[in-house]
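Have a look at the structure below before the remarks.
The values are calculated or read from the model by the stated rules, or taken from the named source; none is laboratory data. What you are looking at is a predicted structure, and each value in this text was computed from that prediction instead of being measured. As a convention, Cβ positions derive from the backbone with ideal geometry for all residues, glycine included, and neighbour counts pool all protein chains shown. Heavy atoms of the whole protein, side chains included, go into the accessibility calculation; ligands, DNA and RNA do not. Shrake-Rupley method; radii C 1.70, N 1.55, O 1.52, S 1.80 Å.
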Amino acid sequence: MDDCANDGDMNLDTAVSALNNAYSLENWTLLIRRSDQLYNDAYQSFIHNKQAQKPIIYYIGYSLLMKGYSLLMKGIGYQKDKQYGESLKCIEQYKDLGRFLDGSERSQRILDQYAFYAYANSLSVHLLSGNLSKLEEYAQFLNQHPSETLSGLLTFLECALSQDLNVDEYIAPLTERFDAYQHDDMRPEEQTIFLSILMMLSRYCRNRKRFEEAQKYTQQFLSLSFDRGPGRQASTSAAAPHE
């Protein structure tokens, strides 16, 4: 690989590391700025046909995915509808990254994964912004993709709690799977989401006058979070594509 290729590799992967650091700090403004920088760097590499450790489509998609996620988190935190709209714009951009394909099977797999994330995240953002027409479609999606149970259940609960909705029929199969999960067997980021769901399930059950069930989730939350806080409530898929 020539020097130009090495420079492109180093710059893009360094930008990814910087972006991930901003994510770990939950600094959404910084994350947006670093996402834009990664996109610009990756696009220039695409234009000038520079090589990198991963296909260029990976960096393009990841920058848009993380920017959309940070805009969503700002929307939740500040209840700004405009941020939801901006998040949906980012999702539309990584829904179809076909022009960045390099002809390899690897880049095609990455494209397919970003398209999957785009569909899941668009449903989640629509619900969080108050578009309840997506409830049934999202429930069907989650039944077809059990791997999205944690993020899906959290989205339903956030939606229900913010709008005082009864979503029992939608979350019943999700809570059944959730109750079977083992906290200690999860990755750290999944454990954080797990704790957030316990806290929200307790609130939701109290609102529905199911106090015994609410107490069960409260006790489970307290026993697991004694030495740590609940942390970030990530209700969309923001992981990088697996290869």
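Every listed requirement among (1) outside any helix (DSSP H, G or I); (2) crowded, with 21+ Cβ neighbours inside 10 Å; (3) among the polar types (S, T, N, Q) is met by Asn49 save one, (2). Would you say Phe178 is within 18 Å of Ala120 (Cβ to Cβ), part of a helix (DSSP H, G or I), open to solvent by less than 20 Å² (accessible area, probe 1.4 Å) and in contact with a Leu (Cβ under 9 Å, 6 or more places away or on another chain)? Judged against the criteria, Phe178 is a match. Taking every residue in region 126-140 that is at positive phi and pairing it with any residue that is hydrophobic (A, V, I, L, M, F, W, C), at least 6 positions away or on another chain, the pairs with Cβ-Cβ distances below 9 Å are Gly130/Cys159.
Listed by first and then second residue, the pairs linking a residue in region 103-119 that is open to solvent by less than 40 Å² (accessible area, probe 1.4 Å) to a residue that is among the basic types (Lys, Arg), with Cβ atoms under 9 Å apart and 6 or more places separating them unless they lie on different chains, are Ser107/Lys54; Ile110/Lys54; Tyr114/Lys95; Ala115/Lys95; Tyr117/Lys95; Ala118/Lys95. Scanning region 13-35 for residues that are touching a helix residue (DSSP H, G or I) at 6+ places or on another chain (Cβ under 6 Å) and not hydroxyl-bearing (Ser, Thr, Tyr) turns up Ala15, Ala18, Leu19, Ala22, Trp28, Leu30, Leu31, Ile32, Arg34.
Test Ile76 against the stated conditions and say whether it is among the β-branched types (Val, Ile, Thr), open to solvent by less than 50 Å² (accessible area, probe 1.4 Å) and at pLDDT below 95.
On the way: among the β-branched types (Val, Ile, Thr): yes; open to solvent by less than 50 Å² (accessible area, probe 1.4 Å): no; at pLDDT below 95: yes.
So Ile76 fails the test.
Annotation note: of Thr149, Thr155, the sole residue that is buried (at least 17 other Cβ atoms within 10 Å of the Cβ), closer than 21 Å to Arg210 by Cβ and touching a residue at least 60 places away in the same chain (Cβ under 8 Å) is Thr155. Taken together, the residues in region 123-146 that are open to solvent by less than 60 Å² (accessible area, probe 1.4 Å), within 21 Å of Cys90 (Cβ to Cβ) and in a helix (DSSP H, G or I) amount to 9.
Here Ser223 fits the description: open to solvent by 80 Å² or more (accessible area, probe 1.4 Å), farther than 28 Å from Ser87 by Cα and not charged (D, E, K, R).
Residues that are in a loop (DSSP other than H, G, I, E, B) and touching an Asp or Glu at 6+ places or on another chain (Cβ under 7 Å) are absent from region 76-83 altogether. So, Lys95, is that one on the phi < 0 side of the Ramachandran plot, at pLDDT below 90 and open to solvent by 50 Å² or more (accessible area, probe 1.4 Å) or not? In short, no.
Condition test on Asp185, is it closer than 20 Å to Gln219 by Cα, open to solvent by 50 Å² or more (accessible area, probe 1.4 Å) and of a type outside the set (Lys, Arg)?
Working: closer than 20 Å to Gln219 by Cα: yes; open to solvent by 50 Å² or more (accessible area, probe 1.4 Å): yes; of a type outside the set (Lys, Arg): yes.
So Asp185 fits the description; yes.
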